[in-house]
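Note sheet for the following structure.
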Amino acid sequence: MNATNQPLKQTPLVSLKDGGISYFDEAANIGVKNLRLRLVLEGEPVVVLLSQQSDSVHVLEGVGNAGEHLSILTVITRIDGLHAIVVSHTISNTGTLPLTVKEASTGQFGDASAVMHGHGSWLGWDLRYCHTDNVRTEHYPHCQMEYPYFRMLPVDKVRLGGGEDQAFPALFVKDQKGGGGVVFAAASQALNYTTFVLRKGGMVNTSVFEEFAMEHDPRQSEGFIVPGGGSMTLDGLFIQLTGDVAAEDAHVDYINYLAGRFAFRGSKTALLREAFHCTWNYGVFAEQNEAALLPTAQFIATNLPNIKWFLVDAGYLAAGIDSNFLDRFYPDPNQYIAPEKWPRGICGFTDELRRLGLRPGIWWSPTAQLNSTLFGEHPDWFLR
């Protein structure tokens, strides 16, 4: 392993009282201590530690041949004006053969690594957490918030941040009685997706969590590939110590940080001027049909002039919600439109929407089945 004595670009930061944040030591009421990077290389774990004493990266657990040409550089960047840092890890392959990183996560791995709470406290008994995915729950089909939004630490392991509606997941942990908290979040999403794994610790423990990890999820792949002689930088993690802030305001600094780094569509989207109605979320669910939707469209056109878009969600085809696929529209797009649902056809219904002054939309999933007519006649259209 060639991972020792790799200098940090920036030395560990000073304590909170000096205007910064320490990545290593407990600070204020809640803090983080020695969060480590854990890699799994073809089934063999590697754990590295950021050492405060020597400002270098040390290997805590060795591996076999898979890790002989691995080098890791960890960069800690302070965010101006905030008690926050961004931590990123660059993995270099000094060998000639490709290196496969099956898993990568930052968290508490070992006794010296922890999310801390107070001094001699009940270790998280009064802590609460919330996460940005809870704005729209991950339990379908009802698409409503889970309550309470701000809840006790989970006794059973939970995985947060995997919802489709939140590209930049964030987790907030805070004492319900007041005092400081911590925001853990994804600083970027160029390479991977960030998810959080949580499980509350016992009454006697070095951390408030039995398990705590921020996972760099490669999403729909078998891992990260680092070519021979190449390197790969995992997406950074945003960590902020907050003051006594309310849960609904905890992510404001983080959102502003993202807005200053990325060109989001928020300032240009038409939704700032024209509201959007989705038929799924108002009791219709999979029973999409003209008789159910037309009165709603007429009401919107008469009473809600700011709503300009009317989207028909899943369930509009004859076979219901499980049939929104490309092959259902090939070769005849009208083949699966049930006449009892749409006596004037989909086009007749959308013409009526336009007459009312609404712009129609439709939900579909661009998926094709390998046993479909579409694939049988045009396998050359399929990339994978």
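Taking only protein heavy atoms and a 1.4 Å probe, what accessible area per residue, in Å², does region 161-304 have with all protein chains in place?
Values: 6830 Å² over 144 residues.
That works out to 47 Å² for each residue.
Of Cys130, Cys278, Cys347, which has the most accessible area with a 1.4 Å probe, and how do the rest follow in descending order?
Correct descending sequence by accessible area is Cys347, Cys278, Cys130.
Please find the FRET efficiency linking Gln369 to Leu294, where r is the Cβ-Cβ separation and R0 is fixed at 45 Å, and quote it to the nearest 0.05.
Result of the calculation: an efficiency of 0.90.
Along the Cα-to-Cβ line of Arg359, 7 Å from the Cα, sits a label point; which residues in region 252-292 have backbone N less than 17 Å from it?
265-279
Mind listing the phi-derived Karplus ³J(HN,Hα) values for region 293-309, rounded to whole Hz, using 6.51, -1.76 and 1.60 with θ = phi - 60°, and x for any glycine or proline?
Using θ = phi - 60°, the values come out as 8, 4, x, 5, 4, 5, 5, 4, 4, 8, 10, 10, x, 6, 7, 10, 10 Hz.
How do Phe238, Phe285 stack up against each other in accessible area, from largest to smallest, with a 1.4 angstrom probe?
Ranked from most to least accessible, the order is Phe285, Phe238.
Karplus couplings for region 96-113 from phi (6.51 cos²θ - 1.76 cosθ + 1.60, θ = phi - 60°), rounded to Hz, Gly and Pro as x?
Those phi angles translate into 9, 8, x, 10, 9, 9, 6, 9, 9, 8, 10, x, 9, 10, x, 5, 8, 10 Hz.
Roughly to the nearest percent, how much of the accessible area of region 159-251 is carbon and sulfur, given a 1.4 Å probe?
Carbon with sulfur: 45 percent of the solvent-accessible area.
Give the peptides 367-379, 223-235 in descending order of average Cβ contacts within 10 Å, highest first.
223-235, 367-379
Too long at a 25 Å Cα-Cα cut-off: which of Lys102/Lys157; Lys268/Lys341; Lys102/Lys174? Can you show the working numbers first?
Details: Lys102/Lys157 21 Å; Lys268/Lys341 36 Å; Lys102/Lys174 32 Å.
Listed pairs above 25 Å: Lys268/Lys341; Lys102/Lys174.
Using a probe of 1.4 angstrom, how much of the accessible area of region 318-384 is carbon and sulfur, in percent?
55
Could you compute the FRET efficiency for Thr90 and Glu210, with r as their C-beta to C-beta distance and R0 at 25 Å, rounded to 0.05?
The pair Thr90/Glu210 has a calculated efficiency of 0.25.
The values are calculated or read from the model by the stated rules, or taken from the named source; none is laboratory data. If you're wondering where the values come from, they're calculated on a predicted model, not measured in any experiment. Counting neighbours? That spans all protein chains shown, and the Cβs are built from the backbone with ideal geometry, glycine included. Remember, those area values only see protein heavy atoms, side chains included, never the ligands or the DNA or RNA. Shrake-Rupley method; radii C 1.70, N 1.55, O 1.52, S 1.80 Å.
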